[in-house]
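The values are calculated or read from the model by the stated rules, or taken from the named source; none is laboratory data. If you're wondering where the values come from, they're calculated on a predicted model, not measured in any experiment. Please note: Cβ atoms are built from the backbone with ideal geometry, for glycine as well, and neighbour counts cover all protein chains shown.
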Amino acid sequence: MKQETEIKSSDAARTGAISTGALAFQIFCALIFLGMIGMVFANAMLRYCFNSGYPPSEEWARFLFIYITFFGAIEAFYYKKHIAVDMVVDVLHGVSKKTVLVLAHLCTIFALCVLLQGGIVQVIQSMDSYAVATHVNMALIYVTLPIMAAAAIILQLRDLLKVIRTPASAFVREGKQPELIAAEAIAESGHGADAQTELKQ
């Protein structure tokens with residue numbers, strides 16, 4: 001009993017830490033987005049009111065746009081909010097649906113590995129390049145690509161393991177999502193076949 005309580009406390013602490021980290025990351029992305037909007041708005045006001053702008057603001061806004069694009073992609077991967085064409089997957093069930101999902105995750109991981117390798121090469125090649133107006137080292141800008149790719153690979157591996165651990169019988173056609181969610185929860189908790197039988201009853 002004491003061991004179960006300790007496990008539950010550990011899981012609760014881990015969940016709380018993940019939630020705190022996710023919130024901090026959302027705030028970070030929001031600050032980047034606000035900074036980009038602020039740069040563009042301030043430059044527009046300067047041109048309108050004083051007929052003179054701040055040239056580096058355009059570069060800063062562009063750099064922040066790159067940052068919010070790639071860091072926002074990490075957010076999309078984490079919450080599974082990225083665009084996905086799932087017309088075929090929705091009509092499948094059982095082993096066929098699980099197989100397609102595994103293949104989809106593997107293809108995504110392969111593509112992300114290509115992005116990671118290309119991003120690292122781009123960062124290395126741009127270490128001696130600097131922006132014209134802001135004089136920022138371009139490696140600091142391009143590094144967002146390998147960061148995004150590495151984070152997305154980790155998240156995809158997490159989702160792939162979750163799919164593999166879930167029984168094929170839990171993958172149902174579209175319209176029975178509550179059952180799928182419940183089955184995934186059972187698979188993750190590791191209660192076994194008895195808990196699954198109890199759920200069906």
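So here's what we get for this one:
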quantity	calculated
Selection within the range 67-123 - out of contact with any helix residue (DSSP H, G or I) (no Cβ under 8 Å at 6 or more places or on another chain), farther than 30 Å from VAL136 by Cα and not aromatic (Phe, Trp, Tyr)	ILE83, ALA84, VAL85, ASP86, MET87, ASP90, VAL91, HIS93, SER96, THR99, LEU103, CYS107
Residue in the range 43-53 that is loosely packed, with under 14 Cβ neighbours inside 10 Å and in a loop (DSSP other than H, G, I, E, B) present	yes
Which numbered condition ALA149 misses (of (1) at negative phi; (2) modelled with pLDDT under 90)	(2)
Options VAL102, VAL88; residue that is among the aliphatic types (A, V, I, L, M) and either under 30 Å from GLY35 (Cβ atoms) or at pLDDT below 90 (or both)	VAL88
Top-ranked residue in the range 55-106 [being of a type in the set (Lys, Arg) and in a helix (DSSP H, G or I); ranked as surrounded by the most Cβ atoms within 10 Å (Cβ to Cβ)]	LYS97
Scope the range 33-68; condition in contact (Cβ under 8 Å) with a residue 24 or more places away in the chain and not aliphatic (A, V, I, L, M); matching residues	PHE33, GLY35, PRO55, PRO56, GLU58, GLU59, TRP60, PHE63, PHE65, TYR67
